[in-house]
1. In units of 2.2 N^0.38 Å, what is the alpha-carbon radius of gyration of the range 47-209?
2. Restricting to DSSP loop positions (anything but H, G, I, E, B) with no more than 15 other Cβ atoms inside 10 Å of their own Cβ, which trypsin sites (Lys or Arg not before Pro) remain in the range 107-166?
3. Sum up the charges of everything whose Cβ sits under 11 Å from the Cβ of Thr126, counting Lys and Arg as +1 and Asp and Glu as -1, but leave Thr126 out.
4. Which GluC sites (Glu not before Pro) in the range 114-161 sit in a loop by DSSP (not H, G, I, E or B) and have at most 12 other Cβ atoms within 10 Å of their own Cβ?
5. Can you give me the long-range amide H partners of Arg32? Hydrogens built in the peptide plane at 1.01 Å from N, cutoff under 5 Å, separation of 5 or more residues or another chain.
6. Give the residue from Ala62, Tyr167, Gly156 lying farthest towards the positive end of the charge dipole for the range 47-209; charges sit on Cβ (+1 for Lys and Arg, -1 for Asp and Glu) and the dipole is referred to the Cα centre.
7. What residues from the range 62-95 fall in the zone where the backbone N is under 12 Å from a label point 7 Å along the Cα-to-C-beta line of Arg101?
8. So if I take the centroid of the Cα atoms in the range 157-211 and the same for the range 69-110, what is the distance between those two points in Å?
Amino acid sequence: MKPYQLMGRLAIVALLAASLSGCFGKPPPPQRYLRVDLEETPCPGSNSQQHRLPLGFKPLTALENLDRTSVLTARDQVLSASLEYYWEGAPQDVVGQALRRGIECQSTAVTPVDYQPRVEHDAVLTGQVTAFNVEETEGGRFVVSVHLDLWSKNLGTRIATGEFNAYAPLENFNGDTIARAASNALGRVVPKVVDWLDVGLPKIQKAVSRQ
């Protein structure tokens, strides 16, 4: 092949590459993973745990649209998934870990244990995350909502139901700001759940005594 023919073909290839890049658009932004970081709370020792009622803790679930790691933003009644910001895990896992840690370290009534289907549990906690997203309202805020059900022995009778919500304002929509707001909002939910469980202990004990 003659040199001028080779140069011509290279020029055509370069032109096609430029055309294709224009058709496909710009590459997506780099993926950034956000971490929810709650304040560490000292946990009681084993002696304190012996005086608390074991609580079977089932993994939380989430609505189908929330069961993803990408950060969601609500504009009116439409949720959009970010192509840049992601959580380290799905919202139900992030919230579940925070709740379990909070119950373990702050509750005076119960201590969480892994739920196992064929093992007897004096009480069981189940729940669903219903909101874990940015909202473009009131200047921007992060919202956390979770529905919890407290059950008697081996999921026999539902003892109590609770709805727990919190939000934290956003100064902007940068990743670190969103992570701090999510940590703030979730940090407000956890104590509410702990208080709810501690107040509900008499109901648990009453239900257990009947079975």
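The values are calculated or read from the model by the stated rules, or taken from the named source; none is laboratory data. Computed from a predicted model, the values in this text were never measured in an experiment. Using ideal geometry, Cβ is built from the backbone for each residue, glycine included, and neighbour counts are taken over all protein chains shown. The area values use the complete protein model at the heavy-atom level, side chains included, leaving out ligands, DNA and RNA. Shrake-Rupley method; radii C 1.70, N 1.55, O 1.52, S 1.80 Å.
1. Values: Rg = 16.8 Å, N = 163, 2.2 N^0.38 = 15.2 Å.
The reported ratio for this selection is 1.10.
2. Arg118
3. Values: positive: Lys58, Arg158; negative: Asp149.
Net of charged neighbours comes to +1.
4. On the way: sites: Glu120, Glu135, Glu136, Glu138; in loops: Glu120, Glu136, Glu138.
Passing sites in the range 114-161 are Glu120, Glu138.
5. Tyr85, Tyr86
6. Of the candidates, Gly156 comes out farthest on the positive side.
7. Once the point is set 7 Å along Cα→Cβ of Arg101, 94-95 turn out to lie under 12 Å by backbone N, inside the range 62-95.
8. The range 157-211 and the range 69-110 have Cα centres spaced 12 Å from each other.
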